[in-house]
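First up is the structure itself, then whatever we jot down about it.
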Amino acid sequence: METIVTTLAIAPKRPVSLWPAAHAADARRPRSQQTKLGASDTVCARRAGYLLHGRTPTDTGEKRKAILGTWLHTGILDAAREEYGWLVERRVEDETVRGHIDAVQLDSTTAARLPKRLRPTLPAEETTVEDVKSKSTYQWDSVVRYGASEAELRQVYLYADLLGTEGFASVRGQRQLARLGPVPVARIRFRFINRDNGDDHIQEIAYEADRARRARWWVQQVRAAASPEELPRTFQGPGISTICDHCPFRTACWGPLVAGRSPQSQLIHDDEEREKALAEYAEVSEQIKPLKDRQKYLRAQLDGSEPGVYGDNVLKWSGGNPTKVDDVGAMVSLYRRAGLAVPMAPDAAAMKATLKGVGIPVPTRLDHDRRTAVSINVTASKKP
């Protein structure tokens, strides 16, 4: 008897996934294990409180995007260190907070105090602390228009303040840097990287001591709280904020999900609070209506405009394509070729079910008289 060997017989059912290894490696990273409040933990007051009080995370969530961002982040900083001699991933700390600065570019005067092997290839005009952030295309327009968020600014101001008051931490691998003592920071730079297409966007601001004091005050308020529950939720909760959706303390903060109810519904306890929320809802709706009407009017004016860059904005269109519909005529032809009885009045749903049942793709055609909705997309133009 002849033996037939197929590829299915010699190949595994499914290739081994590398994601379990990636998640395990990410869990072993120092940032994943630290219990002392870090500058990067200051996204939300209550989450910072959970960490500071040593609470066990209640949610794991999907971390693939975060891991990809970490890999991109590491690669960029390694290249900056090798090519430009930047000081990357350097630790700073005091008795209350610590963190790792992505990159420090020293000015020529400060750099001259270091051994040659630690000096940058090209010193900065003024000492600059840089933070690298990877973002998705979905977030990109907001980044280009508005820059770093309040939480991102707070994080980097804490780094800069620690460097300016304490200097580099005296730990293995940066003893020479620690001997510099406090290093005053003059500028802060954000380098945003679009992890979908590689675009970058730079935001630079002068260091402001007042903002650094506000960041310190924020940490002090978190440390002064007797419990995390005393601290405010910085964001508006699961389903509204992606930060809450992926927070490791989502359940601890908002409770378990209840089918058919939003987590935010627990914030209303009686009819008085319900009346207040409803009144505000009506007020906000009234404020939004004229803006929506104005937006519709402007959208109508732009109808038919060519895509392109107009001043500070980029105009794009999507949709307007022919819709796919079932090709009943083609299905009838398939039935006849297969020797099946064709219904006198073709039943598209039944015919589709029969074709799918025997593994035959259901034929479709483009209906040029029925088109998808045309959507406008306005994004910030990239500055030269």
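Filtering segment 43-64 down to residues that are among the polar types (S, T, N, Q) and at pLDDT 90 or above, which residue is least open to solvent (accessible area, probe 1.4 Å)?
Result: Thr58.
Do you know which of the residues in segment 364-383 that are in a strand (DSSP E or B) and of a type in the set (Gly, Ala, Ser) is nearest to the chain's Cα centre (by Cα)?
For segment 364-383, the residue satisfying everything is Ala380.
Can you tell me which residue is surrounded by the fewest Cβ atoms within 10 Å (Cβ to Cβ) among those in segment 112-143 that are closer than 19 Å to Val92 by Cα and hydroxyl-bearing (Ser, Thr, Tyr)?
Selected residue: Thr128.
One line per residue, one yes/no per condition, for (1) at pLDDT below 90; (2) among the acidic types (Asp, Glu):
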position: Ala279; (1), (2): no, no
position: Ala282; (1), (2): no, no
position: Gln287; (1), (2): no, no
position: Asp293; (1), (2): no, yes
position: Leu298; (1), (2): no, no
position: Val309; (1), (2): no, no
position: Leu315; (1), (2): no, no
position: Gly320; (1), (2): yes, no
position: Val332; (1), (2): yes, no
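Restricting to segment 220-279, and then to whatever is touching a Cys at 6+ places or on another chain (Cβ under 8 Å) and more than 17 Å from Pro57 (Cα to Cα), can you tell me which residue is surrounded by the most Cβ atoms within 10 Å (Cβ to Cβ)?
Only one residue fits best here, namely Phe235.
Val309 fails exactly one of the following numbered conditions: (1) over 23 Å from Arg371 (Cα atoms); (2) without any contact (Cβ under 8 Å) to a residue 40 or more places away in the chain. What is the number of that condition?
Unmet for Val309, out of (1) over 23 Å from Arg371 (Cα atoms); (2) without any contact (Cβ under 8 Å) to a residue 40 or more places away in the chain: (2).
Of all the residues that make up segment 171-184, how many are open to solvent by 20 Å² or more (accessible area, probe 1.4 Å), part of a loop (DSSP other than H, G, I, E, B) and not charged (D, E, K, R)?
4
Please determine whether any residue of segment 65-84 is among the hydroxyl-bearing types (Ser, Thr, Tyr), modelled with pLDDT of 90 or more and in a helix (DSSP H, G or I).
Checking segment 65-84: not a single residue is among the hydroxyl-bearing types (Ser, Thr, Tyr), modelled with pLDDT of 90 or more and in a helix (DSSP H, G or I).
Based on what the data block shows, is Tyr50 free of Cβ contacts under 8 Å to residues at least 40 places away in the same chain and touching a Pro at 6+ places or on another chain (Cβ under 7 Å)?
No; evaluated as a whole, the condition is false for this residue.
Only one of (1) farther than 28 Å from Asp312 by Cα; (2) out of contact with any helix residue (DSSP H, G or I) (no Cβ under 6 Å at 6 or more places or on another chain); (3) part of a helix (DSSP H, G or I) is not met by Glu95, so which one is it?
Evaluating Glu95 over (1) farther than 28 Å from Asp312 by Cα; (2) out of contact with any helix residue (DSSP H, G or I) (no Cβ under 6 Å at 6 or more places or on another chain); (3) part of a helix (DSSP H, G or I) leaves (3) as the failure.
Of all residues in segment 192-216, count the ones that are open to solvent by less than 70 Å² (accessible area, probe 1.4 Å), in a helix (DSSP H, G or I) and touching a residue at least 12 places away in the same chain (Cβ under 8 Å).
Number of matching residues: 3.
Name the residue that is most open to solvent (accessible area, probe 1.4 Å), counting only residues in segment 149-170 that are among the polar types (S, T, N, Q) and in a helix (DSSP H, G or I).
Looking at residues that are among the polar types (S, T, N, Q) and in a helix (DSSP H, G or I), I get Thr165.
How many residues are among the small types (Gly, Ala, Ser) and part of a helix (DSSP H, G or I) when one looks only at segment 217-257?
2
List the pairs whose first member sits in segment 347-367 and is without any contact (Cβ under 8 Å) to a residue 24 or more places away in the chain, whose second member is among the β-branched types (Val, Ile, Thr) and outside any helix (DSSP H, G or I), and whose Cβ atoms are under 8 Å apart, counting only residues at least 6 apart or on separate chains?
Listed pairs, sorted by first residue: Lys356/Val362.
Taking the condition of being out of contact with any Leu (no Cβ under 9 Å at 6 or more places or on another chain) and either in contact (Cβ under 8 Å) with a residue 60 or more places away in the chain or open to solvent by 40 Å² or more (accessible area, probe 1.4 Å) (or both), how many residues in segment 79-111 meet it?
Count: 9.
Run Ser305 past the list (1) open to solvent by 60 Å² or more (accessible area, probe 1.4 Å); (2) within 26 Å of Trp140 (Cβ to Cβ); (3) among the hydroxyl-bearing types (Ser, Thr, Tyr) and report the number of the one that doesn't hold.
With respect to (1) open to solvent by 60 Å² or more (accessible area, probe 1.4 Å); (2) within 26 Å of Trp140 (Cβ to Cβ); (3) among the hydroxyl-bearing types (Ser, Thr, Tyr), Ser305 is out only on (1).
The values are calculated or read from the model by the stated rules, or taken from the named source; none is laboratory data. Just so you know, these numbers come straight off a predicted model, no measurement behind them. In this analysis, Cβ positions are derived from the backbone assuming ideal geometry, glycine residues included, and neighbour counts consider all displayed protein chains. Calculation scope for accessible area: heavy atoms of the full protein, side chains included, ligands and nucleic acids excluded. Shrake-Rupley method; radii C 1.70, N 1.55, O 1.52, S 1.80 Å.
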